[in-house]
Structure formats: C-alpha cells, structure tokens
1. What lysines does Lys204 reach when the alpha-carbon gap must be under 18 Å and sequence neighbours fewer than 8 apart in one chain are set aside?
2. Once the Cβ-Cβ distance between Thr224 and Lys131 is put in as r, and R0 is 45 Å, what FRET efficiency do you end up with, to the nearest 0.05?
3. What nm distance separates the two modelled labels at Phe146 and Leu46, each placed 7 Å from Cα along Cα→Cβ?
4. Under a point spin-label approximation (7 Å from Cα along Cα-to-Cβ), what is the Ile234-Gln138 distance to one decimal in nm?
5. Once ligands and nucleic acids are excluded and a 1.4 Å probe is used, how much of Lys245 is accessible, expressed in Å² to the nearest 10?
6. Once Lys and Arg get +1 and Asp and Glu get -1 on their Cβ, which of Asn128, Ser18, Phe28 lies farthest toward the positive end of the dipole of segment 14-147?
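The values are calculated or read from the model by the stated rules, or taken from the named source; none is laboratory data. None of these values were measured; they are calculated from a predicted model. Cβ placement follows ideal geometry from the backbone for every residue including glycine, while neighbour counts extend to all protein chains displayed. The area values use the complete protein model at the heavy-atom level, side chains included, leaving out ligands, DNA and RNA. Shrake-Rupley method; radii C 1.70, N 1.55, O 1.52, S 1.80 Å.
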Amino acid sequence: MSAKVIQTILLGLLGLCSNAEWFLGTCFIQRPLILGPLTGLIMGDLQAGIIMGATMELAFAGASSIGGYDPPDMISGTILGVAFAINSGAGPEMALTLGIPIATVMLLISNSVGYPILQIFAHMMDRNIEKGNDKAFQRNFILSGFVAWGVTSPLLPLAYYFGSDKVTALVGNLPEFVSTGMDIAGGLLPAMGFAMLARMIMKKDVAPFFFIGYFVVAYTGLTTTGVALFAILILAVMFTLKKGKEVLDNGNNVTAAKDEGGDFDEF
C-alpha cells in the first residue's frame with residue numbers, strides 16, 4: 001500500500017471524526033487549530049501543520065453559525081488546504097488560499113445534500129414522538145447526523161487522492177505575480193477573521209480594555225501572557241470592589257430602614 005493511499009485513508013478518517021464532533025461532545029476537534037497539526041502529522045510535517053492550522057484558525061476565528069447562517073466548512077477547508085500546501089511544499093498562505101474556496105464549495109455540497117436528509121429524519125422523529133416510540137426517536141436522532149454528513153465525508157479523501165498531484169503541479173507552475181498576490185491575500189485573511197470576531201464581541205464596556213491591552217503590548221514590550229495575567233488581577237480587583245459596593249449599599253439600606261422606624265413605627 002502506497003504512502004498516498006495511507007494518507008488518503010487517514011485524512012478520510014480524520015474528516016469523519018471531525019464531522020462527528022456533535023456526537024463526541026464539544027471537544028473542538030473541528031477547529032483548524034486542532035485539525036492543522038493532525039493533518040500535518042498524517043502528511044509527515046507536524047511543524048508545518050501547527051503553523052498552518054494556527055494561521056487558518058485566525059481566518060476562521062469569526063466563523064460561527066448564527067441563526068440560519070452556516071460558515072464555510074472549515075473541516076474540509078483545513079484538512080485539504082493544509083494537506084495540499086504541505087504536499088506542494090508551500091507555506092501557510094497557500095493553505096489559506098486553497099482552504100477558503102474548498103471550504104465554501106464543500107459547504108454548498110453538504111447543505112444541498114445533508115439538510116434534505118436531515119429533513120427526512122426530522123419527519124420520521126415527529127412520527128416517533130406521536131407514537132411514543134422513544135427508542136426509535138433516539139435511534140433516528142443519532143443516525144440522522146451520521147447519514148447526513150456521512151454522505152459528503154467520502155468527498156474529502158477522494159478530493160485529496162485525485163487532486164493532490166494536480167494541485168502540486170498547478171502551484172509549481174504559477175507565475176510569480178500570482179503567487180505574490182496569493183501571499184498578500186493569505187496575509188489579509190487572518191486579519192479579516194480576527195476583525196469579524198472583534199466585531200461580534202466588541203461592546204462599549206469591553207472596548208477600552210481591548211485597546212488598553214493592545215497599547216500595552218505595542219509600546220511596553222510586555223508579552224500577551226503578561227497582559228493576560230494583569231487582566232486576571234484587574235478582574236479580581238474589579239470583582240472585589242463590586243462586592244464591597246454591594247455590601248456597602250445593603251448596609252446603607254438597612255440603616256435607612258432603621259432610621260425610618262420600619263413599617264410599625266407610628267411616630
């Protein structure tokens with residue numbers, strides 16, 4: 001069995017386990033920060049996998065399912081992007097450039113195939129509830145996820161097996177101005193991902209602390225770990241002051257009630 005076949009099988013198993021993250025619990029195996037090193041380990045370059053996974057995590061930092069919106073399929077994008085980039089000897093920028101379009105296309109495929117299957121199982125579970133068949137409901141509930149996403153799971157290893165050589169040849173024949181543009185785009189994508197995350201969490205009560213941390217790191221040379229430790233101390237002080245204020249307010253209320261004589265004071 002060739003090394004490519006072994007890599008294809010292992011990448012397929014990794015994608016299957018990652019898609020079953022909802023069944024395994026919130027273990028975050030589907031995040032690029034975890035998938036990158038695991039893909040690098042399969043491809044024989046753990047260090048490159050760690051770097052590429054961390055870079056793609058920044059790009060997908062603001063990607064979260066809100067309401068009816070589904071973010072791009074970061075599982076397929078990360079695994080295939082990192083695998084193709086390592087196979088072609090490229091850097092994290094290439095992993096991003098390849099991974100983002102792959103993630104978008106895989107999202108379209110999984111939505112067009114997976115969600116109709118989920119709808120079928122949803123109606124089946126409705127009938128199970130009407131009949132009071134809780135065992136059938138539990139069975140269909142678990143099977144729905146495996147069947148819906150299991151249909152698209154083979155696409156990931158097949159894409160690597162039949163596409164890795166073509167992607168490697170394509171990357172090797174790219175003109176210099178194209179590769180330079182892809183490097184620039186790859187550098188911008190993590191910043192855009194972090195900006196999306198900051199936009200979601202940025203509130204008027206949080207913004208001052210965010211900029212204080214930024215300026216401390218930028219102008220004092222203090223590491224982010226040091227800033228995090230100072231933030232914990234500031235949080236502890238703020239919590240202590242808040243509790244002290246609550247105790248003081250309660251004491252003032254009690255004193256005021258005593259001065260007024262209470263409800264039974266007729267004088």
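1. Reachable lysines: none.
2. On the way: r = 56 Å, r/R0 = 1.25.
Approximately 0.20, to the nearest 0.05.
3. 3.2
4. Reported label-point gap for Ile234 and Gln138 is 4.9 nm.
5. 120
6. Working it through, the farthest residue towards the positive pole turns out to be Asn128.
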